[in-house]
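Presented below is the structure to which this report refers.
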Amino acid sequence: MDVVEILMVDHLSIRMLIKCGLTRMGVDEFSSLHGFIVNCHARIEDDLVFPVLKKHYMDSYEEYAKLVEWIGNDHRLLETLGNKTISYGIDKDWINYRRRLNLYFKILVEHNLREEVEIFPNWLNEIDRETRRKYTAKAKEIIEEYGLEKYTRLTGFSSEAFKII
Ligand SMILES: [Fe+2]
Ligand SMILES: [Fe+2]
């Protein structure tokens, strides 16, 4: 499995969680999902996939390299917004908590879709197989560092399946 296919499985899991009423979730559940986004999912994109794409396109198609940078900036926005949402939850300010939570999911879903339309196809079509293989192995290391138990619980990916991808 390629790193962007792993990322698409993450996106699918996030969509399913939202369908199952994630937007009504409590602060502890949201905290663990936000931790997964920041410390695992977005980290794989920010540290591995996006830099490779930016470097690849920097000379031949600078506008695209800038687009990758711009989409990556959503991660900073989501990190700040998620942290703020959690602090409203800790303060039991439920009106602001729900408002920020809904906004967080709206931005996240739109962001994920943009990655699927504008980022992942270029990775699969333009980056050579050897580089993709190397970066997929690095992505698995990030997942293991984040914690395979937490990863499988949030995404629904089984640890058995993870061993063979
Ligand atoms: Fe992302
Ligand atoms: Fe993503």
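Only the coordinates and a few stated rules stand behind these numbers; no lab work does. All figures in this text were calculated on a predicted structure; none of them were measured in a lab. Heads up, the Cβs are rebuilt from the backbone with ideal geometry, glycines too, and the neighbour counts pull from every protein chain shown.
Observations, loosely collected:
- With Cα atoms, 0 to 90° folded angle of helix 129-146 axis to the chain main axis: 30
- Rg/Rh (Cα only; Kirkwood hydrodynamic radius) as it applies to the stretch 119-164: 1.06
- Restricting attention to the stretch 1-119, the count of lysine pairs at 8 or more positions apart or across chains with alpha carbons under 29 Å apart stands at 11.
- Summing charges over neighbours of Tyr57, with a neighbour being any other residue whose Cβ is under 13 Å away from its Cβ, gives -3 when K and R count +1 and D and E count -1.
- Kirkwood Rh in Å, taken over all unlike Cα pairs in the stretch 1-77: 13.9
- Cα principal axis extents for the chain, largest first, Å: 49, 39, 24
- Efficiency of FRET between Arg99 and Ile164 - r from beta-carbon atoms, R0 41 angstrom, step 0.05: 0.45
- Per the Debye calculation on the stretch 79-142 with a single equal scatterer at every Cα and no solvent contribution, log₁₀ I(q)/I(0) for q = 0.18 Å⁻¹ amounts to -0.76.
- For the pair the stretch 7-26 and the stretch 54-72, the centres of their Cα atoms are 29 angstrom apart.
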